[in-house]
Structure formats: structure tokens, C-alpha cells
Amino acid sequence: MPFVPAILLTDWLVYFILTVVVAFALYARRHEHLRAPWRRVTRRPLAMSALVVLLVYVGIGLLDSTHFRLRDTEQDVAVSETRYSHEVLSVLDILLKPLRESSEKTYSAPFAVYAYTRETIVHADGSTSHIYPRLQYAGAHLHDASERPLDIAKRVAVASIQGTVIWIILLSAFAYFIARRKKETFGEVLHRLRRGQTEVPWRTILLTVGVLLILVFCALHLAPYYHLFGSDQVGRDVLYKSLKSIRTGLLIGTLTTLVMLPFAIMLGIMAGYFRSWADDIIQYVYTTLSSIPGVLLIAAAILSLQVYMANHPEDFNTLIVRSDTRLLFLCLILGVTSWTSLCRLLRGETLKLREVDYVQAAVALGARHTKIMMRHIFPNVMHIVLITVVLDFSGLVLAEAVLSYVGVGVDPTMDSWGNMINGARLEMAREPIVWWNLAAAFVFMFGLVLAANLFSDAVRDAFDPRLRR
Amino acid sequence: MIAYIIRRIFYAIPILIGVNVLTFTLFFIVNSPDDMARIHLGVKRVTPEAVANWKAEHGYDRPLLWNNTAQSADRVTNTIFFEHSVKLFMFDFGRSDDGRDIGSDIAKRMWPSLAIALPTFMVGLLTYITFAMLLAFFRGTYVDTGGVVLCVVMMSISGLFYIILGQYVFSKLWHLVPISGFDTGINAIKFLILPVIIGVVGGVGASTRLYRTFFLEEINKDYVRTARAKGLSELRVLFHHVLKNAMIPILTGVVVIIPLLFIGSLIMESFFAIPGLGSYTIDAINSQDFAIVRAMVFLGSVLYIIGLILTDISYTVVDPRVRLH
């Protein structure tokens, strides 16, 4: 085999989340009461546009969540068994190979062909000069730096045309498909799409897809020849770093929820359902946990983990396992700090629900407590859980940046927006300033968080019964 | 009411014990004092004697919970749990791992924290309420929609960007205020302006949007319709009737963070080099000074619980319909 899978712990959890989401989607499809609120979400143009963006992020994150080790190319002939390289790669790394391997010596500005720092060059005749050397990879195909604007313009033009053509093909295929299904003519469907007279706001969705397509094509055409977002201190391509950071951001946002959900749901429902001493104990636990300032609890826990790791180096032998464990632990502890509010909400709702007729009837019929909680109460608090999960997501992505800055976030060697921003603090003080790391982190993070915020607003509006008029 | 407050204070004790047990577990049971000593001494100098020395110096050489070698009451008191956890209840924070008195450090560093957190809080509250009222006044118009969109956009930007860009634009490009630092007395103002502005701007999105919903909730109620029916102008309705009632959820919501203002903001203080409790905590985290982190966790919980009690009291103050039993 040319590769051997090296699935990390977080990867398994990603697959697990994916399975749960897909299973829930399939389940919800067949139940009208679950489909109705989602249908309301799909009627909102802004939310659907945000969903397209979110899906792109999720796609990149998933590509980056399949890890393996490639076979060593420099095989020792004497050793018959195949050996695999120590480097753990993901599918995304393979796709982005040109970006991953085009490391310069140090900083370079976006689209630059000359290095950020001067170097002393020794000429053939023995004289030396102190100049900005050409970069090794970026713009290496250019004979002269003055060709650069024309080259970039040409590539952007080609990319835009390609993107548009692909988009038009997609659009026609989509319109044809709809026309077939609704038994309308192609022209009618196109007309309605253009006017935005469809139930699902396809016009907005298709426009978003179009813009993203053109951006992706521009990146495809430019990234192998230039550093679109420059390169960082050790010369790594910043675009590559930002793309790798997507997985970190998504994981923090979703794994944390995954960790906290079982506790919050179980304890919240139990506290509300059983009341008396069970309620007292659960309330005591969540008041205690929520009274510790979140950052401090996370700091305390991460410090403990660091000490533990330092004293047990044999369990964490590779860098990627270390950072992976730390990421998982961070999600765990973030979950511990964030489950309390959901638990409180669920307790309140269960207190109300247990007095409702159908629950009383179930009690009178002699149903077991576990059964009542599972069948009658849990489905009826599900909307609260869902709203909390989507609303918390963007906050968690933002929290990652702050925690990394404080020094208790993800591992400093891991690609994350927080680490990029953290590094940018010193870079902003340089002369001339190195702004592209910060800019790249800003653009990618802003895109994800804004899309998540817009989407979660729509979900909340659709699921919150108080808002339904 | 006084009986209620006293009961609440007693109720706080088990919670603080819980907090203490939790930090004790994190710092002493998950990682033994030996581990801590090794971290502090570095890899090279770790000999059993050095570890024992370090532990003796910092009082970590006692047994964890129960001292078999001691006599009578000392069996309980001469332990790590008593020395480092129980004593926190008497606000005796002990010494940090590099030998400084934490209690006096906290007393000294509280004021810079407050100097930055209090103005941020006050100016922020005023700004957010003003903006929220403006949006409520223009509800249903393009101003409202645009304002809400702007709020969502501002919410989606990490607070770190506001700080980094603010420092860059105001201090480095325009040289209006010093980039960071702190001074005593009236000279402190020029150091405080920027952090306060950035703190306020950073919170505008989320708070304005939240407060706007409070206003809109009130604006649809019957008494407001009555007021309008009487012929009052929209502005008068807003200021005299809606504002008062919308203030109830706003005030009771923010009371809980008032005590926490003492601790200050970790991020702000470390970016602007304010010698407050926030930067104190960050320094402690970075130098792995567990004694300080432990003290700050305890202090934070105490202040939070005070905040909860204040919240309950504030309900009765702003809304006479609420009675505490």
C-alpha cells in the first residue's frame, strides 16, 4: 500500500459527529414536525447564503480530517518491510501540495516576488551587494518582476472566465433538473430564478455559489505561482496555514458541544423531572462550575495537562499526537465551562413540561421514569438544545483565538487562527509592518463566524416557539 | 430581605468549598507536587534533593489531606489542603511560587484593573442603551435593518482585532495616545482612553442587539399603546415609559459582572500593559505559578457569587413587584 491510515482521536469524533448529523437529517426527513422548522430556515435568503459558505468550510475541514502516513520514498533496499514516513498528512495536504512545499526563507508580502529582508549576495567577480533577493517559489516563472501585474491580471481573467463558465453550466443543469421535475419549460424556470420567485431562495444560493466559484478558481490559478496571503516568519504559505486552521476552528466549535451535550441534557432533564434532592445536587454542581471564571478554569486545566504531558513524555511521542490530545482536552474543558447554561435552561423547561397533561397521563399509566424522560420530555426540549448548539458555535470559534492568545489555547505548533493572531502582535511592530498574517486570519475567521451567526439566527427564529406568530 | 441575604451568603459557602476542592484536585491530585517541582526546576537540575528542597521552600512537602506524623489538631491543619486551600477562605492567599505575598499583590493591582474596567462598563452601558433605543425608535425601517446587520458583522469580529487595529491606528499611525503602559493619578487618563474605547466598541454588536430586543418587547405592550393613545409623542413614550421598563432586564443582567470588574480583563490588560489583576493572572499562567492561579480562581468565584446575590437584590430595587423571601 502506498499509505497507511493514521486516524487521530479527533478524526474519529469528527466522523462520529458527521454520522449523527446525517442520521438526524435522514430521520428528520421522514417526520413532518421536524421538517417544518427546517423548511422555514430554507426560506431565508441570508441564512441559505450563509449555509453555502458554512458547507465550504465544513468540506475543507473534512478533507483535513482524514490523516495517513505516506510510504517512505527513500526505501532502504536491505530492509524488506515497507516503511512509512513519520509525517502525518491529510487529504487536504495532498491537494495543497504546491502550497505546502513552497516554503520561502522568511516573510514575504502577498503577491511579492522579492523577499521581505535584504540579503548579501556575492557576485561572480567577488563584489558583494545588499539587495532584496527574488523569492524561491513566488513568481519564479517570471523573467522580470515588471511582468507581474500583467501576469496576475491575465490569470485572474482566465480564472474568472473559467469560474463563470462552470457556474453557467451548473446553473443550466440545475434549471434543467427543476424544469424536468416540475414539468415546466427551461425558459420559465430560468425566468423565475432570475426574478427570485422560487420558494427556496435559489437565486441567492446560486449567486453565492458563483462568487465562491470565481474566488476558488482565482486561488487555483494564482496560488501555485504566488503567495496570495504572503508567507510567515519561517516562510510557510499563509493561505495554506489559514486553510489548515479551518479544521481547528470547526473542531473547537463542534467537539465542545458534543462533549457537553450528554451531561447537559441528562442532568438538566433529571433535575427538572425528579426535583427534590436530585435537583439540589445538580443545581449545586452547576452553580459551582459556573462560579469559576471560565478562562481561569480553562487555564488551570490546561496547566495541569501541560505538567502531565511534561512528566509522561512516553505517551505523547509525536508532535501531532500532542497537539491533538491538547485540542481534545481543550474541547473537554470548554465543554465543562459551557454546559451549565444549557443545563439551567433544560431544567426550567422540564419543570414546566412535567406538569403537562401527556406527561401526567404517562405517569398515571405507570410508565417508567426513564421512559417518560426519553420519550416525552427529551423530544420536547430538543429545540432548546439545537438553538443553543448553533448559537454557541460562533462564540467558541472566537474563544479559541482569545485562549490561544492567553497561552492556554491549542498547541502553539498547531495551525489555528488564534496562533496566527498571537504571532501578528509582534509582526505589527516590525518595519515595514507584516500585516498579512493578521489579515488572513481575520478574513477566514470572519467568514466562518459571520456565516455561523447568520445561520444560527435563522435557526433560532425557526425553532423558537416564542417567536412564532 | 436581610434574612434572605444572610441565607444566600451561607448558601455560598458550600459552593466555595466545591470550587476549592475542584482546584485542589486539579493542582495537587492530577499532578503531584513532585511534578510541579520538576516543571519549575527545569529538566536539567532535577535531583531528588532539589525536588525535596523546592517542596520544602513552598510548603508543598506536607501530606495532602491527613498528617499522620503530627499531633491532635495539627493532623488536619499541617497539610497541603489546609495550608493552600482552606486558608483561602480567610482571604489568606499565601505566597506565590516565586515568594511574593499574593494578598498584597492583589490589593495593589486591583486599582489599575478597576480604573480600566469601570469606565469601560459605564460608558459601554450608556452607549449600548443609546444605540438600542435608536434602533427601537427606527424599528422596521432601513436604519433598523442596517443597524442590526452592522451589529451582527461587529459581533463576528474577534475582540483581538479591535485591540490590534486600535493600537496600530491610534498609537502607531496617528500618535494620539501611548501604545501601552500605565501611570498613577491624573496621568493615567491618556493610557486609559484607548482601552476603554476599544472595550466599548468590542461589545457594541452583541449588547446593542440584545438590548434592542428588550426595547422591542416592551414597545408592543398595552401600556405603551395606551400612552400613545393619550397622544404622547413617540419620543416621550420611549423615554418616559419604555426606557424605564426596558431597563429592568438590562440592569439585572449586568449587575452580576459588577464585582468581577475588580479582576479586570485578561486580554485588555495584557495588550495595554496595565499592571492590574488581569495581567497578573496572565503572567502567572505563563510562568506556571499555580499559587496565583489558585488564588485568582477562588477570588473570581467569590466575586461571582457576590454578583449573583447583588442580582437578586437588584430585582427588588428596580422592580417593586418582586419580593424576596
* **Selected residue [assigned to a helix (DSSP H, G or I), within 11 Å of another protein chain (Cβ to nearest Cβ) and open to solvent by 30 Å² or more (accessible area, probe 1.4 Å)] from B:ILE292, B:ILE306** => B:ILE306
* Asked: With A:GLY447, A:GLY423 as the choices, which residue is more than 7 Å from every other protein chain (Cβ to nearest Cβ), in a helix (DSSP H, G or I) and at pLDDT 85 or above?
  -> A:GLY447
* **Failed criterion for A:LEU170 (all others in (1) under 29 Å from the mean Cα position of the chain (by Cα); (2) closer than 16 Å to A:PRO110 by Cα; (3) hydrophobic (A, V, I, L, M, F, W, C) hold)** => (2)
* **Set A:VAL408, A:VAL385: member being within 10 Å of chain B (Cβ to nearest Cβ), in contact (Cβ under 8 Å) with a residue 60 or more places away in the chain, out of contact with any Asp or Glu (no Cβ under 7 Å at 6 or more places or on another chain) and of a type in the set (A, V, I, L, M)** => A:VAL408
* To do: Among the residues of the stretch B:250-294, write down those that are among the small types (Gly, Ala, Ser) and under 11 Å from the mean Cα position of the chain (by Cα).
  => B:GLY264, B:SER265, B:GLY278
* Could you list, in sequence order, the residues of the stretch A:231-255 that are open to solvent by 10 Å² or more (accessible area, probe 1.4 Å) and of a type in the set (Ser, Thr, Tyr)? -> A:TYR240, A:THR254
* To do: Read through the list (1) out of contact with any helix residue (DSSP H, G or I) (no Cβ under 7 Å at 6 or more places or on another chain); (2) under 30 Å from B:ARG38 (Cβ atoms); (3) of a type in the set (D, E, K, R), then give the number of the only condition that B:ARG294 fails.
  => (1)
* Asked: Of A:THR350, A:THR340, A:THR370, which residue is under 25 Å from A:GLN283 (Cβ atoms), open to solvent by 60 Å² or more (accessible area, probe 1.4 Å) and hydroxyl-bearing (Ser, Thr, Tyr)?
  -> A:THR370
* Within the stretch A:369-420, which residues are at pLDDT below 85 and among the aromatic types (Phe, Trp, Tyr)? -> A:TYR405
* Examine the stretch A:285-292 for a residue that is open to solvent by 50 Å² or more (accessible area, probe 1.4 Å) and either within 14 Å of chain B (Cβ to nearest Cβ) or outside any loop (DSSP other than H, G, I, E, B) (or both), and state whether such a residue exists. => yes
* Taking B:GLY185, is it buried (at least 16 other Cβ atoms within 10 Å of the Cβ) and modelled with pLDDT under 90? -> no
* To do: Taking A:MET420 as the residue in question, decide whether it is over 25 Å from A:ASN453 (Cα atoms) and out of contact with any Cys (no Cβ under 9 Å at 6 or more places or on another chain).
  => no
* Structure fact -> Exactly one of B:TYR168, B:TYR162 is farther than 23 Å from A:ASN453 by Cα, open to solvent by less than 60 Å² (accessible area, probe 1.4 Å) and out of contact with any strand residue (DSSP E or B) (no Cβ under 8 Å at 6 or more places or on another chain), and that residue is B:TYR168
* Take the residues in the stretch B:269-278 that are in contact (Cβ under 8 Å) with a residue 24 or more places away in the chain and of a type outside the set (A, V, I, L, M), then tell me which one is nearest to the other protein chains (Cβ to nearest Cβ). => B:PHE271
* To do: Looking at (1) closer than 25 Å to A:ASN311 by Cα; (2) open to solvent by 50 Å² or more (accessible area, probe 1.4 Å); (3) away from chain A (no Cβ under 14 Å); (4) at pLDDT below 75, find the lone condition where B:VAL30 falls short.
  => (3)
* Would you mind stating whether A:ALA157 is of a type in the set (A, V, I, L, M, F, W, C), open to solvent by less than 70 Å² (accessible area, probe 1.4 Å) and assigned to a helix (DSSP H, G or I)? => yes
* Please give the helices (runs of 4 or more DSSP H) falling wholly within the stretch B:169-268 in which 1 or more residues are within 14 Å of chain A (Cβ to nearest Cβ) and of a type in the set (Gly, Ala, Ser). => B:189-219, B:243-254
* To do: Count, please, the residues in the stretch A:39-61 that happen to be hydrophobic (A, V, I, L, M, F, W, C), open to solvent by less than 60 Å² (accessible area, probe 1.4 Å) and under 17 Å from the mean Cα position of the chain (by Cα).
  => 7
* Sole residue being within 14 Å of another protein chain (Cβ to nearest Cβ), part of a helix (DSSP H, G or I) and crowded, with 17+ Cβ neighbours inside 10 Å, chosen from A:ALA301, A:ALA310, A:ALA264 -> A:ALA301
* Is there a residue being free of Cβ contacts under 8 Å to residues at least 24 places away in the same chain and surrounded by fewer than 20 Cβ atoms within 10 Å (Cβ to Cβ) anywhere in the stretch B:114-121? -> no
* Asked: Can you tell me how many residues in the stretch B:249-269 are open to solvent by 30 Å² or more (accessible area, probe 1.4 Å) and small (Gly, Ala, Ser)?
  -> 2
* Odd one out for A:VAL390 among (1) facing another protein chain (nearest Cβ under 8 Å); (2) outside any loop (DSSP other than H, G, I, E, B) -> (1)
* To do: Give the residue, chosen from A:VAL359, A:VAL385, that is over 22 Å from the mean Cα position of the chain (by Cα), part of a helix (DSSP H, G or I) and not acidic (Asp, Glu).
  => A:VAL359
* Note down all Cβ pairs under 7 Å where the first residue falls in the stretch A:133-154 and is without any contact (Cβ under 8 Å) to a residue 60 or more places away in the chain, the second is surrounded by 12 or more Cβ atoms within 10 Å (Cβ to Cβ) and in a helix (DSSP H, G or I), and they're at least six residues apart or on different chains. => A:LEU142/A:ARG148; A:LEU142/A:ASP151
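The values are calculated or read from the model by the stated rules, or taken from the named source; none is laboratory data. Only a predicted model underlies this, so the values are computations on that prediction, with no experimental measurement involved. Cβ sites come from the backbone with ideal geometry, for glycine too, and all protein chains shown count toward neighbours. Side chains included, ligands, DNA and RNA excluded: accessible areas come from the protein's heavy atoms. Shrake-Rupley method; radii C 1.70, N 1.55, O 1.52, S 1.80 Å.
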